[in-house]
Amino acid sequence: MKIAFIVWRFPILSEAFILNQITGLIDRGHDVRIHPINGLPKNYTGKIHPVVEEYQLMKRTYFPPTVPEKFFPRLIKGLGLFLKNLNRGSWKTLQFFQPGKYDAEVATLKSFYRTVALLQDGSYDIIHCQFGTLAPIALAYRDANIIQGKLITTFRGIDISKYVQENGVDVYNRLFREGEFFLANCEFFRDRAIGLGCDPTRIIVHGSGLDCSKFTFKPRYFPTNGKIKIVTTGRLVEKKGIEYGIRAIAKLVKTYSNLEYNIIGDGDLKAYFEQLISELNVSHVVKLLGWKQQKEIIEILNDCHIFMAPSVTASDGNQDAPVNTLKEAMAMGLPVISTRHGGIPELVQNGISGFLVPERDADAIATKLEFLIEHPEVWQSMGKAGREQVEAKYDMNKLNDELVAIYKQMLDEKSNRKKSIQNLQKLMQV
């Protein structure tokens, strides 16, 4: 199959789950082309995930021309691209500017830039939008015959939470009517999509996969030097709830001076966390390590004992699915503490592979953390349960086989839709 992956930007270090799908499809003999409609990440430094180099994914990526910041240069360059590509069909973009027909992400000068690569290479078996926010754009481009193929959309979190809160419950009405098929990365977001009007027979749960072979299981025991290392991996943004992890550590550090809390990641709240750490007088315990490559993250996790992912519903409505960093930690055998938030309870079995606490409750986090500190004998059994859960539900190879089956079912025009969904759901339960 020839498959287009529509993404916002590429490559992004934090979106390894998309890379796992791309490489899995390539390994299975399919032709995958990547279309980042906004080009390279704004903070791109050349640092990329090793798999991007291994699979030479930049050669499979069709970047749009750079969009000038100022309006007048953007207009002149956009019109130049429009005229240059008339013979390829750039004139089709004019319909995007019909009053009231398309939203602002389609009826924009950016469409002159975004469609250039698609006009050169726009015929596909499958068009896979990796976030729901991309799908209305791809749908408009397909309507204009700029890109062709069956449209499948994956809802991953921000697109089915924050985006809906900002744009209204009707924002996906047209997509739900005209898109062929939908995936959600957890039951929590599938239920939300159905509540917004998605046909239940056209959406299934398809989790974000993990290459378990890269995350070696290691039983956790109380360290011989007495230093208990706790770790969190995630962007320094409100949704990740890291503030409450820091506050929980601050509550315990007077009693347990043998703690070390490492936070891997970067983001808008870095300065705030630096100030908070200083105010709570825990600078000697809590360390902000910044962004790390996957290999570096694995090395840090391998040396730690407990993992925390205190996710919260952000003030703008943003929510998490089963957190990929949680999966990685569980695969490596760490007992975990997380929250009853979004899709996380579908991953963490409370009291079995770790603990779940209410959102924004530093006291509850501290209580569970203290229990784990005082009862290291449960670390090994919790870690083993976590590894088994990840292998059973989030193994990348199983999920990529499933994705191929979904694509093929979409291309089978003669198949019975209801029966097809039932077959796919049975496949997921194997």
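Distance between the C-alpha centers of region 231-268 and region 101-122? Whole Å please.
Rounded to whole Å, the Cα centres lie 42 Å apart.
If the only charges are +1 at each Lys and Arg Cβ and -1 at each Asp and Glu Cβ, what is the size of the charge dipole of the chain around the Cα centre, to the nearest 20 debye?
1060 debye
Quick one: which residues, 5+ away or cross-chain, put their amide H under 5 Å from the amide H of residue 359? H built at 1.01 Å from N.
Amide H neighbours of residue 359: 340.
Non-local amide H neighbours of residue 184 (under 5 Å, H modeled in plane, Pro and chain starts lacking H): which ones?
So residue 184 has HN proximity to 155, 204, 205, 206.
Can you send over the carbon and sulfur percentage of the accessible area for region 239-397, probe radius 1.4 Å, protein chains only?
Exposed carbon and sulfur together represent 46 percent of the surface.
Based on the alpha-carbon set only, what is the convex hull volume of region 40-106 divided per residue, in Å³? Walk me through the numbers on the way to the answer.
Numbers: hull volume 9.8 nm³, N = 67.
Expressed per residue, the convex hull around the Cα atoms of region 40-106 is 146 Å³.
Which ³J(HN,Hα) values in Hz, rounded to whole numbers, follow from the phi angles of region 136-149 under the Karplus curve 6.51 cos²θ - 1.76 cosθ + 1.60, where θ = phi - 60° and Gly and Pro get x?
x, 5, 4, 5, 5, 5, 5, 4, 7, 6, 7, 9, 10, x
Output ³J(HN,Hα) for region 313-326: one whole-Hz value per residue in order, computed from phi by the Karplus curve 6.51 cos²θ - 1.76 cosθ + 1.60 with θ = phi - 60°, and x for Gly and Pro.
Couplings: 6, 5, 4, 8, x, 5, 9, 9, 8, x, 5, 5, 5, 5 Hz.
Check which residues have an amide H placed less than 5 Å from residue 124's amide H, if you skip close sequence neighbours.
148, 149
When N counts the residues of the chain, how does its alpha-carbon radius of gyration compare numerically with 2.2 N^0.38 Å, as a ratio?
Output field value: 1.03.
Which links in 47/70; 240/327; 162/398; 2/92; 47/229 stretch past 20 Å when you go from one Cα to the other?
Check vs 20 Å cut-off fails for 47/70; 162/398; 2/92; 47/229.
Mean residue ellipticity at 222 nm from the helices of the chain, using -39,500 (n - 2.57) per DSSP H segment of n ≥ 4 over the full residue count, to the nearest 500 deg cm²/dmol?
Theoretical 222 nm ellipticity from helices: -11500 deg cm²/dmol.
So which GluC sites (Glu not before Pro) in region 1-108 pass both tests, a DSSP loop state and at most 12 other Cβ atoms within 10 Å of the Cβ?
Here the GluC sites (Glu not before Pro) that fit, given the DSSP loop and packing criteria, are 69.
Can you work out the accessible area per residue across the chain, with the rest of the protein chains kept in place, probe 1.4 Å, in square angstrom?
43 Å²
Using θ = phi - 60° and the Karplus relation 6.51 cos²θ - 1.76 cosθ + 1.60, list the HN-Hα couplings for region 262-279 in order, rounded to whole Hz, with x at every Gly or Pro.
Coupling constants for region 262-279: 9, 10, 9, x, 9, x, 5, 8, 4, 4, 4, 5, 4, 5, 4, 4, 5, 4 Hz.
Report the gain in length on full extension from residue 91 to residue 296: 0.36 nm times residue separation, minus Cα-Cα distance, nm rounded to one decimal.
69.0 nm
Within 10 Å, count the other beta carbons around each residue, average over each peptide in 158-168, 265-275, and list them highest first.
158-168, 265-275
Nearest 10 degrees, 0 to 90: what angle lies between the long axis of helix 362-374 and the longest principal axis of the chain (Cα atoms)?
Its long axis makes an angle of about 60 degrees.
The values are calculated or read from the model by the stated rules, or taken from the named source; none is laboratory data. The structure presented is a predicted model; accordingly, all values stated were derived computationally and were not measured. Using ideal geometry, Cβ is built from the backbone for each residue, glycine included, and neighbour counts are taken over all protein chains shown. Calculation scope for accessible area: heavy atoms of the full protein, side chains included, ligands and nucleic acids excluded. Shrake-Rupley method; radii C 1.70, N 1.55, O 1.52, S 1.80 Å.
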